[in-house]
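The values are calculated or read from the model by the stated rules, or taken from the named source; none is laboratory data. Remember, predicted model here, so these are calculated numbers, not experimental data. Every residue, glycine among them, receives a Cβ derived from its backbone with ideal geometry; neighbour counts consider all protein chains shown. Please note that ligands, DNA and RNA were not included when accessible areas were found on the heavy atoms of the full protein model with its side chains. Shrake-Rupley method; radii C 1.70, N 1.55, O 1.52, S 1.80 Å.
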Amino acid sequence: MGYQGQLPVVPPQSHLDDRETLISEHKDKGKTCRQSAAVFNVVNSIIGSGIIDFSLVLLIKGGALSGTDTYQSLVNKTFGFPGYLLLSVLQFLYPFIAMISYNIITGDTLSKVFQRIPGVDPENLLIGHHFIIVLSTVAFTLPLSLYRDIAKLGKISLISTVLTTLILGIVMARVVSLGPHIPKTEDAWIFAKPNAIQAVGVMSFAFICHHNCFLVYGSLEEPTVAKWSRIIHVSTLISVFISILFATCGYLTFTGYTQGDLFENYCRNDDLVTFGRFCYGVTVILTYPIECFVTREVIANVFFGGTLSAVLHIIITVAIITVATLVSLLIDCLGIVLELNGVICAAPLIFIIPSACYLKLSEEPRTHSDKIMSCVMLPTGAVVMAVGFVMAITNPQDCTHGQEMFYCFPNNFSLTNVSVSHFQVTTQLSILNVSIFQ
């Protein structure tokens with residue numbers, strides 16, 4: 001196994017400065033990227049997988065204190081081999097399950113795009129959910145995932161970020177043109193309900209890129225904690241802005257009908273949204289390789305001492321992607337995937353482990369702000385993990401995978417008259433497909 005008993009050490013915390021790095025000087029200088037490319041890699045990971053937070057900087061600080069340059073070696077140095085194995089399992093499962101969710105999104109999204117091509121039979125197997133997953137894997141995600149250097153994905157991540165901006169514009173436009181025609185659910189504007197903890201699980205899935213942070217950090221030219229902090233601040237501001245706009249616009253449009261995959265809410269004959277679906281599908285495909293990089297690195301560290309030959313690199317990459325693809329072909333509902341991944345994997349990776357490592361390594365006084373935040377984050381993560389898992393199992397989300405929502409059928413009023421108390425039926429519903437999608 002690749003477990004290393006001896007790890008490098010660094011000077012005490014008081015001697016750390018902006019020039020200190022976590023990457024040893026003999027690293028290959030060709031495997032570096034500019035700060036701007038690192039920002040796009042982080043933003044791409046955050047938007048595909050979520051918003052970055054305080055614990056990410058805490059994680060790099062822990063690496064500086066322990067003299068380590070990977071998440072696994074940090075936990076190994078702090079908690080020994082048992083902690084190393086636990087972290088390895090979590091760090092593998094999170095991006096692996098994320099890869100499954102990206103496949104589901106790709107199949108759902110692009111199948112509806114191809115159905116809008118004139119003359120194409122919507123029932124054609126070649127534009128079906130399963131075929132598109134296999135096709136996108138073979139043609140795009142597998143070749144991109146075979147890169148050995150994550151820095152080469154910087155330009156691809158820039159493309160993904162630009163496409164995300166276009167998607168956001170479409171979602172915002174539909175708040176104005178589509179939102180007034182969608183009946184609002186009962187109690188749509190209540191701030192929190194008893195199952196709010198499930199949303200924390202989904203957000204934990206969305207808010208994480210901790211499993212990528214050392215990879216992106218290591219791709220920097222002369223990586224330092226100060227430089228990393230600046231990148232994190234820029235990435236966070238961009239990602240928070242985009243994520244809040246997406247969430248707000250989506251919920252304002254569909255309220256309680258909002259699905260785990262927002263594009264499942266829009267009607268198939270909306271041409272503007274069809275273009276948005278295409279951009280979204282491309283964005284997800286471009287985000288996928290970053291997750292594969294992490295899963296492969298975990299396997300390399302645990303079983304092969306951190307280094308893979310060219311042949312092993314290809315074999316392991318193909319094996320990971322093949323298994324992820326097969327699993328995604330068997331699962332239709334995205335919501336439960338996001339919830340379980342959030343509470344089982346993301347919560348400890350975000351809240352518990354970085355806080356525990358920093359609390360054990362840091363010699364700062366207990367009143368130091370970083371220690372106070374760590375003491376808050378650790379129990380928060382434990383509660384989210386335990387309660388979220390129970391609620392995800394006992395109270396799963398509804399899933400309308402591949403189905404048109406009721407408001408996409410303006411002539412079918414029976415769907416809106418089943419329970420008048422649950423819908424604010426508008427007289428404008430009958431003109432939905434006439435006025436909205438022109």
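Which ones in segment 203-233 are modelled with pLDDT under 75 and open to solvent by 40 Å² or more (accessible area, probe 1.4 Å)?
Across segment 203-233, the qualifying residues are 203, 207.
All but one of (1) surrounded by 15 or more Cβ atoms within 10 Å (Cβ to Cβ); (2) touching a Phe, Trp or Tyr at 6+ places or on another chain (Cβ under 8 Å) hold for residue 115; state the number of the condition that does not hold.
Of (1) surrounded by 15 or more Cβ atoms within 10 Å (Cβ to Cβ); (2) touching a Phe, Trp or Tyr at 6+ places or on another chain (Cβ under 8 Å), only one is false for residue 115: (2).
Suppose the filter is under 30 Å from residue 272 (Cβ atoms) and either surrounded by 15 or more Cβ atoms within 10 Å (Cβ to Cβ) or at pLDDT below 70 (or both); does residue 342 pass it?
no
Restricting to segment 169-186, and then to whatever is open to solvent by less than 40 Å² (accessible area, probe 1.4 Å) and among the β-branched types (Val, Ile, Thr), can you tell me which residue is modelled with the lowest pLDDT?
Checked segment 169-186; the qualifying residue modelled with the lowest pLDDT is 185.
Can you give me the number of residues within segment 118-168 that are within 17 Å of residue 275 (Cβ to Cβ), assigned to a helix (DSSP H, G or I) and either polar (S, T, N, Q) or open to solvent by 70 Å² or more (accessible area, probe 1.4 Å) (or both)?
Counting residues in segment 118-168 that are within 17 Å of residue 275 (Cβ to Cβ), assigned to a helix (DSSP H, G or I) and either polar (S, T, N, Q) or open to solvent by 70 Å² or more (accessible area, probe 1.4 Å) (or both) gives 6.
For residues that are open to solvent by less than 30 Å² (accessible area, probe 1.4 Å) and among the acidic types (Asp, Glu), scanning just segment 257-275, find the one that is modelled with the lowest pLDDT.
If we take residues in segment 257-275 being open to solvent by less than 30 Å² (accessible area, probe 1.4 Å) and among the acidic types (Asp, Glu), then 261 is modelled with the lowest pLDDT.
Any residue at all in segment 345-368 that is assigned to a helix (DSSP H, G or I), within 30 Å of residue 130 (Cβ to Cβ) and out of contact with any strand residue (DSSP E or B) (no Cβ under 8 Å at 6 or more places or on another chain)?
Checked segment 345-368: at least one residue is assigned to a helix (DSSP H, G or I), within 30 Å of residue 130 (Cβ to Cβ) and out of contact with any strand residue (DSSP E or B) (no Cβ under 8 Å at 6 or more places or on another chain).
Filter segment 83-109 for residues that are closer than 20 Å to residue 317 by Cβ and in contact with a His (Cβ under 6 Å, 6 or more places away or on another chain); which is surrounded by the fewest Cβ atoms within 10 Å (Cβ to Cβ)?
91
Looking at segment 64-91, I want the residues that are farther than 16 Å from residue 345 by Cβ and at pLDDT below 90 and have a partner that is of a type in the set (Phe, Trp, Tyr) and open to solvent by 10 Å² or more (accessible area, probe 1.4 Å) with Cβ atoms under 7 Å, at least 6 apart or on another chain. Which pairs are those?
69/214; 70/214
Conditions tested, residue by residue: (1) of a type in the set (Val, Ile, Thr); (2) in a helix (DSSP H, G or I); (3) open to solvent by 10 Å² or more (accessible area, probe 1.4 Å).
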{"site": "246", "(1), (2), (3)": "no, yes, yes"}
{"site": "252", "(1), (2), (3)": "no, yes, yes"}
{"site": "255", "(1), (2), (3)": "yes, yes, no"}
{"site": "277", "(1), (2), (3)": "no, yes, no"}
{"site": "286", "(1), (2), (3)": "no, yes, yes"}
{"site": "298", "(1), (2), (3)": "yes, yes, no"}
{"site": "305", "(1), (2), (3)": "no, no, yes"}
{"site": "315", "(1), (2), (3)": "yes, yes, yes"}
{"site": "323", "(1), (2), (3)": "yes, yes, yes"}
